[in-house]
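Step one of this worksheet: look at the structure below.
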Amino acid sequence: MRGFAQDSEDPLTRALAPPPNESPNEREQRLRAEAEAQRKSDQIDEVLKAERATLKKRKIMRMLLLGQSESGKSTTLKNMQLTYAPRAWAAERVSWRAVIQLNLIRSVNAILDALEVELSNNVHYQTPIHSRAASPGSPMSDEDDPYELPEVHIPQESKPSLMKLKLRLGPLRQVEIDLKARLGDGTEELTESTLARSSAVMAATPFDAASNPLQSLSTRRSKEVIVRSHQSWKDKEKERKEKDRSSVRPATTGSVDGDRDSATDVLAGCADDLLSLSSDPIVQEIVERKKVLAGLGDSAEYFLGRIQNIAARDYEPSDDDVLRARIRTLGVQEYHLVFEVRHERDPWKEWTVYDVGGSRSMRRAWVPYFSDVQAILFLAPISAFDERLAEDRRINRLQDTYILWESIVKCEILKNCTIILFMNKCDVLQRKLDSGVRINEHLPSFADRTNDYATFTQYLRSKFKDLLSQHSPGRPFYQHMTSAIVRNQDSLYPITV
Ligand SMILES: Nc1nc2c(ncn2[C@@H]2O[C@H](COP(=O)(O)OP(=O)(O)OP(=O)(O)O)[C@@H](O)[C@H]2O)c(=O)[nH]1
Ligand SMILES: [Mg+2]
């Protein structure tokens, strides 16, 4: 047992201790406040207990989605909603418009940045904040440093028209700023430098303790961790719409829901220039050679191919647009999925799904949900074997996934949960291998095995299975190869309990 002398060294204990020289009156007030706090806490516990009992009675399956950032958790959830609750999905689809517009505009502005550098013939340019070098998806190799990438020659006669195009698309800078402000922190991808400026504490696994209790307290307070479902970007959008409806102002015609929406107006006004930019062979060469899209996520190219649809006044997101849309999950978000389409294996009518933010700054926020779920759906993005973590560029993303998987499968509280592993982003993996990426250059343990899809996926299957068996020999688990952006996959109904 720890003695008082040791405890008094603990800053947390010191912070909670009664003040020295407390008067009887102050003591009475303090005790009363403590009793009130305890009563409130007990009340909350009672409500949670009652909720859990109700969920059990109504046969609601509770599932937690886990995995590193950009592993495809939210995309998998969207795909489940699309497949099993299509009416609710359709009703929500339009709310994704602003996120999709931002996804497109971010890529366009990154292209404009690169174009500007090439036009000014400045080889030694700084990588823009949103660009590849600091984002997930960045290749492991430093050979691809933009400082080193070959310059693109722009003929003198092409410069004026490209310059004009760049100027005419200038208003999209402000639209990016406005959309980010409107949708919130999830629109900024994490980088080492943004994290260094925040009070977030990195944890490779949900169980890693902060190095001192004060740091732990500040983490609990930090925005990264405490954001809950009621603060999601969707709620912000709903609030905004309510405000717009109640304020007396004429609605513009054309935009889907009749709201005045400057992002839609500016984008529609830029449609022709956007198409000229994306189809210009010099711009295409810059994008290719400078790897402009490499750090903008797996959907950047897809959205550039959808300019004609997205940059229209009456744009309505398609199912694929919504599946591809990227916005970072903050904290833990709760979703209720009521099955409109029954699955033949389906003993459940409703699922409560918890979708978590996957970066190292948010993993400790997962733990409170562990005691109360029946299934863990773990997303392992297997295409990330040649990428580094955005939040810590020293760490290979596949190594990070192994560490995380191991911490989950050996966790005592989760030992009765059904474990499902989605080895995700199979389509991206296939593309990478087809383009000639060598696995063993990034993963020495792959050694001289054949550099093909079948051999690598079999190798990974065994690796994940071995890590599980080391800690729980014989424990069953479900393993599926997935591409979360592909619709109507049977594996989306992963359990047969
Ligand atoms: N091509 C392809 N893209 C995918 C796949 N799964 C997810 N994506 C894309 O990868 C990006 C990240 O996916 P998310 O679902 O937002 O990742 P997440 O795990 O929720 O990330 P956090 O919320 O940051 O923890 C999105 O642009 C998705 O469209 C896949 O299987 N194939
Ligand atoms: Mg997410």
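Values quoted throughout were computed directly from the atomic coordinates according to the rules given, and no laboratory measurement underlies them. A quick note: this is a predicted structure, and the numbers were derived from the prediction, not measured. Virtual Cβ from ideal backbone geometry, glycine too; neighbours counted across all protein chains shown.
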Relative exposure of Asp434, Asp386, judged by other C-beta atoms within 10 Å (fewest first) = Asp434, Asp386
Considering the zone a paramagnetic label at Arg431 would reach in this model (a point 7 Å from Cα along the Cα-to-Cβ line), which residues of the stretch 362-385 have amide N under 20 Å from it?
-> 380-385
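Strictly over 19 Å apart at the Cα level, which of Lys78/Lys180; Lys78/Lys234; Lys410/Lys465 would you flag in this model?
Working: Lys78/Lys180 21 Å; Lys78/Lys234 14 Å; Lys410/Lys465 12 Å.
The pairs that break the limit, which is 19 Å between Cα atoms, are Lys78/Lys180.
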So how do 36-42, 168-174 stack up, highest first, on mean other-Cβ count within 10 Å?
-> 168-174, 36-42
How many times 2.2 N^0.38 Å is the alpha carbon radius of gyration of the stretch 363-437?
-> 1.28
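Arrange the following residues from fewest to most other Cβ atoms within 10 Å of their Cβ: Thr194, Thr450.
Thr450, Thr194
Contour minus end-to-end for Lys59 and Gln470, with contour as 0.36 nm per residue of separation and end-to-end as the Cα-Cα distance?
Numbers: separation 411, 0.36 × 411 = 147.96 nm, distance 3.28 nm.
Net length gain for the segment: 144.7 nm.
What ranking do 94-102, 399-407, 20-28 get when scored by the average of other Cβ atoms within 10 Å per residue, highest first? Walk me through the intermediate numbers first.
Values: 94-102: 21.4, 399-407: 19.6, 20-28: 9.1.
Sorting 94-102, 399-407, 20-28 by mean packing, highest first, produces 94-102, 399-407, 20-28.
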Whichever aspartates and glutamates have a C-alpha closer than 15 Å to that of Lys463, once near sequence neighbours (fewer than 8 apart) are set aside | Asp400, Glu406
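Once Rh is set to the Kirkwood radius over Cα pairs, what Stokes-Einstein translational diffusion coefficient, in µm²/s, holds for the stretch 46-98 at a temperature of 25 °C and a viscosity of 0.890 mPa s?
Numbers: Rh = 13.6 Å.
The calculation lands on 181 µm²/s.
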What lysines sit close enough to Lys40 to cross-link, taking a C-alpha to C-alpha distance under 16 Å and skipping anything fewer than 8 places away on the same chain?
-> Lys49
